[in-house]
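Quick note: the coordinates plus some simple rules give every number you see, no bench work behind them. It should be emphasised that the depicted structure is a prediction, and the values quoted were computed from it without experimental measurement. Every residue, glycine as well, gets a Cβ built from its backbone with ideal geometry; the counts of neighbours run over all protein chains shown.
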Amino acid sequence: MYRLKISYLIMILILWLWFVFAHNPRVVWDIDNSIENPFLVDNPENSQAFYDQLKWKPSFYKIFSDTDFLLYLSLTVPAISWSDQDYWIIIKDDLWNLVDNIESNNFKWTKFYEKFAWDLYYQWPWFERFVGSWTYYIQIYSLDNMWKYALAIWKLEIRPINEIRNTFKVLPALKTYFFEKSFIVIFFNYIWISLFVIIILILLIILIINKFIKKFKL
């Protein structure tokens, strides 16, 4: 009976960890990702979101893959009062040939609520195309090159366990800097609530195991 309860709790714990983390956040607004030094995107087949801010010049990302893959890009901006919705994404290959030029003014921005961190974004249609094994450069810019954005890469959500610690590490910066929220609200979201639930489940597992051990000894 006790073994069955422990198994149920462990299954709940694993499922909770699996569903809580929607994507793997990357804070890059303090990194120089210029045309001379583009930010190298590792594992483009994994779901990642790069949180950045244009600093009076375009941002550049470099994606390399030795196999054919689905190049998926989605741009969102924080739904704060002074967010800009005037962006361009230019995609070029290693020979600097144009793959696509996407102007956000051609699309209708829609609100998107992130159900795990409880944050509100503005989102516009995405780029999605199967491309060959090659090196690709992503350029993001706006008219004034000074606004915040989040660039999501890859549409399938993959949540490796080693990304969990990173999520909790960058979440305070995302809340306070990117979304300009009070430090107090950092803990009022599904991610932190799930952590508290996990801690409680672990404590319950320990108590059940101890109770089982004591009963077995008797």
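DSSP finds beta bridges in region 21-128, and of those with both partners inside it, around 70 percent are antiparallel.
Each of residue 211 and residue 106 was given a label point 7 Å from its Cα along the Cα-to-Cβ line. The distance between the two points is 6.3 nm.
Rounded to the nearest 20 debye, what is the charge dipole size of region 29-158 about its Cα centre when +1 sits on each Lys and Arg Cβ and -1 on each Asp and Glu Cβ?
On the way: 10 positive and 19 negative charges, 77 e Å.
Its charge dipole is roughly 360 debye.
Once you have the Cα-Cα distance between residue 173 and residue 116, take 0.36 nm times their residue separation minus that, and quote the gain in nm to one decimal. Each step should come with its number before you reach the end.
Details: separation 57, 0.36 × 57 = 20.52 nm, distance 1.60 nm.
Difference between extended and current length: 18.9 nm.
Report the net charge of residues surrounding residue 101, where surrounding means a beta-carbon distance below 15 angstrom and charges are Lys +1, Arg +1, Asp -1, Glu -1. Result for the local shell: -2.
Quick one: net charge of residue 77's neighbours, Cβ under 13 Å, K/R +1, D/E -1?
Working: positive: 111, 148; negative: 52, 84, 86, 114, 119, 180.
Taking every Cβ under 13 Å from that of residue 77, the sum is -4.
By the count of neighbouring beta-carbon atoms within 10 Å, fewest first, 176, 67 end up ordered 67, 176. Local charge for residue 141 was computed over the other residues whose Cβ lies under 12 Å away, with Lys and Arg +1 and Asp and Glu -1, and equals -3.
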